[in-house]
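Some notes on the structure that comes next.
Every read-out reported here was derived from the displayed coordinates using simple, explicitly stated rules and does not represent laboratory data. Please read these numbers as outputs of a predicted model, since none were measured by experiment. As a convention, Cβ positions derive from the backbone with ideal geometry for all residues, glycine included, and neighbour counts pool all protein chains shown.
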Amino acid sequence: MNSIPALTIENVASLDNILGDFLKKADADLVVVIDRGGNAISQFGDVSVMDVTIIAALAAGSFAATKELARRIGEVEFNALYHQGNGSHIFMNSVDDDTIMITVFGLRTTVGLVRFYSAATAQAVSKLLKSLDPNAGHGFSFNASDITAAPIFADR
Amino acid sequence: MSIINYASREIQFKIVYYGPALCGKTTNLAYIHERISPSNRGDLVSLATAADRTLFFDFLPLNAVVIKGFVTKFQLYTVPGQVIYNATRQLVLRSVDGVVFVADSQWEKMEENVESFRNLEENLAQQNISIDEIPYVLQYNKRDLGNIAPVNYLEFLLNNRKKRVQSFEVISSTGQNVFSSLNAVSQMLLHKFSKGDAAPAAAPPPVAVPVEPSVPKIATPSRV
């Protein structure tokens, strides 16, 4: 798997612009870009009502779980998945080989509208991620001496 | 593969608890979830069957130390131990940064332990990761049971590589050494990450089998 370089503040601002524009046009509540390992890369929208970390982990699992189903009908994988609820729904689409986009939306909009705008958004996100220099390193450094010697997690 | 986000000032790491079926991986996460401060953790998500066997994975997000203004976030996953779920294990191992290998100390589980460790090596190799490159620790779990193998035998089976790693005698149901092993792998991970930018190399973790006083020591590990 190709590694995704560190996202600088400028990269995140560019991603936010793309995702914000998408949310506005599609009238969705939340959009999260994740890697296929389940890590959230960027998110935009109302994140107060749900734990984005958990959504990302479960969505990556859900996407991968259907891969075998796709293979049985001659597909490599499904490009998009839609989970329909009563009031809230989730639409997920593939951005590239490493990345997935998750959109959470409610009754204000329709899956058709979300699907329509998500295609162009995925392309824009993919282009932006590809433009990052994978050899640039993560740019953030710390010394071993910066790491606390005390236990990182404490048993209460 | 760690992810750094400069906007939210976060670094994300993924730690996977790996091991044979019913060795106590989920129990590890349940204990950590129960005992860690609620302000430092999210919900424990468990995708299990009606019989409480892990079907897909368990997931527990944790917030940890702040380094140079960046919050380190650790995402703990378990894999389903049952042999047939290898595709799921490969999925969960994607982008992994560190591993806690949970071995079942009972004599009758030795073959399954070795098989699961081999399976871990194979699945990491599929991602072009060598077991020798990735930070990992070993847990010898269920030390409270009667029919258990001595630690030096487990060391011979699972920790007999050129690069030996830290190993822990664990009773995951009571929490013995659960946090010690999590802290050890987290420290290794952070040190590896700090080395990534040519920071001064950290001292390699000592090969040790910490034992808390409450549990009788079975045997001193010896190099075989």
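Report the antiparallel proportion of the DSSP beta bridges in the stretch B:1-134 as a percent, rounded to a multiple of 5. Present the calculation step by step, with values, prior to reporting the outcome.
Working: 14 of 26 bridges.
Antiparallel bridges: around 55 percent, rounded to the nearest 5.
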Margin query: Please state the shape class of the stretch A:63-135: rounded when a/c is under 1.5, otherwise prolate if a/b exceeds b/c and oblate if not, all from the C-alpha gyration tensor.
Written below: oblate
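Using Cβ counts within 10 Å as a stand-in for footprinting exposure, how do A:Val125, A:Val47 rank, fewest first? Mind dumping the intermediate values first?
Numbers: A:Val125 24, A:Val47 15.
By the 10 Å Cβ count, ascending, the order reads A:Val47, A:Val125.
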Next item on the list: Evaluate the relative contact order of the stretch A:32-77 (contact order divided by residue number), counting alpha-carbon pairs under 8 angstrom at least 6 apart; express in whole percent.
Entry: 30 percent
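Need one value for B:173-182: mean number of C-beta atoms belonging to other chains within 10 Å of its residues' C-beta atoms.
Details: counts 0, 0, 1, 0, 0, 2, 6, 3, 0, 4.
Mean partner-chain Cβ count within 10 Å for B:173-182: 2.
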Next item on the list: Determine the percent antiparallel among the DSSP beta bridges restricted to the protein assembly as shown, to the nearest 5.
Entry: 65 percent
Note to self: What is the distance in Å between the Cα centroid of the stretch B:3-19 and that of the stretch A:52-96?
What the structure shows: 22 Å
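Determine the shape class of the stretch B:79-203: with a ≥ b ≥ c the square roots of the Cα gyration tensor eigenvalues, call it rounded for a/c under 1.5, and otherwise prolate if a/b is greater than b/c, oblate otherwise. Please list the in-between numbers first.
Working: a/c = 1.83, a/b = 1.30, b/c = 1.41.
Because a/c hits 1.5 or more and a/b fails to exceed b/c, the stretch B:79-203 counts as oblate.
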Notebook entry, point to check: Do any of A:Lys24/A:Lys127; A:Lys24/B:Lys14; A:Lys25/B:Lys14 go past 29 Å between their Cα atoms, and which?
Noted result: A:Lys24/B:Lys14; A:Lys25/B:Lys14
Margin query: Averaged over its residues, how many other protein chain Cβ atoms are within 10 Å of peptide A:112-125's Cβ atoms?
Written below: 0
Notebook entry, point to check: With each pseudo-label sitting 7 Å past Cα toward Cβ, what's the B:Arg118-A:Arg72 distance in nm, one decimal?
Noted result: 3.0 nm
